[in-house]
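These notes concern the structure reproduced below.
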Amino acid sequence: MTDHTATPRSFSASVPLKGRVAIPGDKSISHRSLMLSALAVGESRVTGLLEGHDVLATASAMRAMGADIERRDDGEWRIHGVGVGGLLQPREALDMGNSGTSTRLLMGLVASHPITVTFIGDASLSGRPMGRVIDPLSQMGADITASPGGRLPLMLRGLAPAIPLAYRLPMASAQVKSAILLAGLNTPGITEVIEPVPTRDHSERMLRGFGADLSVETDVDGTRHIRILGEAELKPQTIAVPGDPSSAAFFIVAALIVPGSDVLIANVGLNPTRAGLIAVLQAMGGDIELLGAREVGGEPVADLRVRHSILKGIAVDPAVAPSMIDEFPILFVAAALAEGRTTTTGLDELRVKESDRLAVMATGLKAIGARVEESEDGLIIDGTGGDPLPGGATIAGHLDHRICMSFAIAGLVSKAPVTIDDVAPIATSFPNFEALLAGLAQ
């Protein structure tokens with residue numbers, strides 16, 4: 001990461017949070033909206049697109065391969081697609097910036113088109129291995145030349161017609177699954193992904209929504225068989241991207257733990273592979289009401305009304321971890337304010353995120369007076385029963401946006417301000433986070 005001047009910020013005890021808040025669009029769905037619209041024949045319209053650097057890298061890449069993509073002044077995106085099989089040879093390398101999702105999914109798209117594409121990215125992305133995607137796509141006939149260690153820069157020469165594949169995922173990965181399914185769109189016959197451990201299913205839902213012939217069968221042991229019939233014809237769609245549940249999580253917990261709060265969070269995506277936090281908070285006694293449940297582009301969506309609640313500590317079932325892995329830092333803050341003990345286990349993955357989130361959250365929570373014990377694969381937290389935390393410390397955020405936002409919320413229920421050493425990472429993932437929070441504390 002390039003050097004920048006740290007931006008410290010303090011967060012202090014808050015008045016009750018009141019009002020309505022609309023959070024940024026879901027990143028996973030934003031990427032897929034652009035990709036599938038670019039492969040449909042006709043004009044798709046997308047509102048609520050998350051306009052962060054990663055999603056804009058996807059838009060730029062689809063433009064470079066022939067799609068007509070325009071953002072209107074009212075925030076609506078209009079996409080005229082080229083049709084499945086219609087991707088054009090880009091004139092130069094596709095710069096993916098820092099977006100692993102863009103890279104892996106676009107490698108899948110390109111693999112079954114007769115074009116050659118070079119993928120480049122920033123230093124961080126160029127350090128991340130792409131072998132998990134290279135392997136299945138090579139089996140489908142793509143010719144891939146990567147930098148040492150299966151890294152970017154990487155050149156992919158697609159094959160059309162590609163070879164249909166039945167591929168068992170060696171480890172859970174929604175991105176690898178999606179890359180294979182997207183390659184299968186332009187591959188004759190049936191391409192199958194066998195998924196022993198379920199992962200986010202945005203690709204399956206959206207492919208169906210655009211008209212692809214896709215089926216999912218689940219064995220008795222929970223293994224999913226996802227099959228897509230190739231040479232598909234995708235139909236243009238009108239998509240309202242739902243709000244990102246990971247972004248909503250901070251406002252849900254803030255409303256639960258700041259006394260007197262009553263907040264409506266509009267248009268939140270409630271895909272069951274992503275919404276584990278809500279069920280856990282409800283099990284702790286959180287007053288979270290789902291209003292106007294509906295389906296948008298194949299995705300379940302609702303408005304959430306959240307009111308201040310006295311939470312009770314629970315033992316969190318490790319089986320829910322995959323559906324809320326990014327939300328554990330903010331859950332730990334909720335647990336620090338609950339009555340009694342909250343235990344979490346099975347969270348090894350949190351040690352290899354943007355930071356070691358178990359160690360960083362344990363250290364930070366202890367610094368502001370929470371009672372926390374760190375285990376190998378989780379935290380044990382004894383809550384205050386709703387009393388404010390002492391606060392008064394400066395927290396090292398480790399350039400991890402979720403750590404920074406979690407401690408910002410902790411500051412709202414602390415006697416002395418909680419200072420975060422650098423809030424710049426928040427701006428990269430959720431630019432209007434502080435403004436939305438301030439708007440509720442009027």
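The values are calculated or read from the model by the stated rules, or taken from the named source; none is laboratory data. Keep in mind that this is a model prediction, so the values were computed, not measured. For neighbour counting, all protein chains shown are included, and Cβ atoms are generated from backbone atoms with ideal geometry for every residue, glycine included. Please note that ligands, DNA and RNA were not included when accessible areas were found on the heavy atoms of the full protein model with its side chains. Shrake-Rupley method; radii C 1.70, N 1.55, O 1.52, S 1.80 Å.
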For this session: Run the accessible area of region 171-256 with a 1.4 Å probe and give the carbon-and-sulfur part as a rounded percent.
Result: 52 percent
Exercise. Which value, in Å² rounded to 10, gives the accessible area of Lys366 with a 1.4 Å probe and all protein chains present?
Worked result: 110 Å²
Exercise. For region 60-201, what class follows from the C-alpha gyration tensor (a ≥ b ≥ c being the square roots of its eigenvalues): rounded when a/c is under 1.5, otherwise prolate if a/b is larger than b/c, else oblate?
Worked result: rounded
Seminar exercise, completed: For the chain, the per residue accessible area (1.4 Å probe, Å²) is 39 Å²
For this session: Using a 1.4 Å probe over the heavy atoms of the protein chains, calculate the carbon and sulfur portion of the accessible area of region 1-42 as a whole percent.
Result: 56 percent
Problem set entry | Sequence-distant lysines (8 or more away, or on other chains) whose Cα lies within less than 25 Å of Lys312 | Lys18, Lys366, Lys415
Exercise. In nm, what is the difference between 0.36 nm times the number of residues separating Arg168 and Arg128 and their Cα-Cα distance?
Worked result: 12.2 nm
For this session: Using percent of Cα pairs over 28 Å apart as the read-out, say which of (i) 54; (ii) 51; (iii) 45 was calculated from these coordinates.
Result: (ii)
For this session: Just order 67-77, 322-332 by mean Cβ neighbour count inside 10 Å, highest at the front, would you?
Result: 322-332, 67-77
Exercise. On the accessible surface of region 379-435, probed at 1.4 Å, how many percent belong to carbon and sulfur atoms?
Worked result: 57 percent
Exercise. Can you put His53, His31 in order of accessible area, largest first, using a 1.4 Å probe?
Worked result: His53, His31
Problem set entry | Cα-projected label distance for Ala438 with Arg45, points at 7 Å along beta-carbon direction, nm | 3.4 nm
For this session: With a/c under 1.5 counting as rounded, go ahead and sort region 1-131 into rounded, prolate or oblate using the C-alpha gyration tensor (a ≥ b ≥ c being the square roots of the eigenvalues; past the cut-off, prolate if a/b is larger than b/c, else oblate).
Result: oblate
For this session: Identify all lysines with a Cα-Cα distance to Lys27 below 18 Å; exclude those on the same chain that are fewer than 8 residues away in sequence.
Result: Lys177, Lys353
